[in-house]
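Report on one structure; see the data block that follows.
Just so it is clear, none of the values below were taken in a lab; they were calculated from the coordinates. Computed from a predicted structure; not experimentally measured. Here Cβ is always computed from backbone atoms with ideal geometry, including for glycine, and neighbour counts include all displayed protein chains.
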Amino acid sequence: MTRFWFSRVGASLLVTWTIALPGMAAEKGKMPAEPKHAVVKPGVQRLGGPGPWNAYLYKEKSGRVCYLAGGPQKSEPPRFKRKLPAAMVTHRPQENVANVVSFVEGYPLKDGSTASLDIDGTHFELFTKGDTAWSRTSDLDKTIVEAMAKGRQAILKATPQKGPPTSDSYSLSGFAQTLALIDKACGIKR
């Protein structure tokens with residue numbers, strides 16, 4: 001089942017990510033562990049999170065939205081021009097939506113391409129739309145989130161419309177603890 005609501009979720013999260021963390025910048029290809037000079041959009045509450053992951057909560061007309069976001073430790077090629085990439089997991093409990101996995105790449109992805117996600121040797125194929133890679137089903141989302149919570153490293157490989165393929169390496173240290181924060185804030189049981 002394709003995610004019919006992916007554009008709404010992605011646009012909302014990207015705006016929140018962009019506004020909530022304008023001080024975050026890749027420094028020599030690495031993401032800082034905590035946002036530097038983070039400015040939080042009114043209504044967005046930072047819940048915390050260890051290492052490269054941060055948890056957030058905000059409310060929309062449809063209800064609570066809880067999400068975690070983190071940036072890669074390393075991006076290849078190192079000088080490829082793009083906005084800061086990010087990995088996210090989102091819950092929208094009032095819409096019966098949980099564990100939505102998305103990778104915002106910071107550049108337009110090649111039309112019709114797929115992205116490859118490797119979590120400690122387990123491979124997943126994600127579909128792409130605009131600048132974001134998504135899983136195709138809620139079951140796959142749940143499987144990916146479980147693998148990330150137990151894993152050490154996630155690597156996303158994607159193809160831009162222009163330029164060489166990219167590879168982003170994410171440390172999963174602190175992911176499980178940050179996931180627990182958004183689970184608690186949105187009442188998600190594991």
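As a proxy for reagent exposure, ranking THR178, THR122, THR166, THR114 by other Cβ atoms within 10 Å from fewest up yields THR122, THR114, THR166, THR178. Here's the list of aspartates and glutamates a cross-link from LYS59 could span, going by alpha-carbon distance under 17 Å and ignoring same-chain residues fewer than 8 apart: GLU95, ASP183. For GLY48, the residues whose amide H sits under 5 Å from its own are ALA55, ignoring neighbours fewer than 5 places away on the same chain, with H placed 1.01 Å from N.
This ranking places PHE127, PHE103 by how few other beta-carbon atoms lie within 10 Å of each, fewest first, which gives PHE127, PHE103. Using a cutoff of 8 angstrom between alpha carbon atoms and counting only pairs six or more residues apart, the relative contact order for the stretch 40-190 works out to 26 percent.
Using R0 = 25 Å, the C-beta based FRET efficiency linking ASP139 and GLN45 works out to 0.25.
Values of log10 I(q)/I(0) for the stretch 40-190 across q = 0.10, 0.11, 0.15, 0.16 Å⁻¹ run -0.33, -0.40, -0.75, -0.85, by the Debye formula with one identical scatterer at each alpha carbon and no solvent.
Each residue in ASP183, ASP118, ASP139 was given a count of other beta-carbon atoms within 10 angstrom of its own, and listing them fewest first yields ASP139, ASP118, ASP183.
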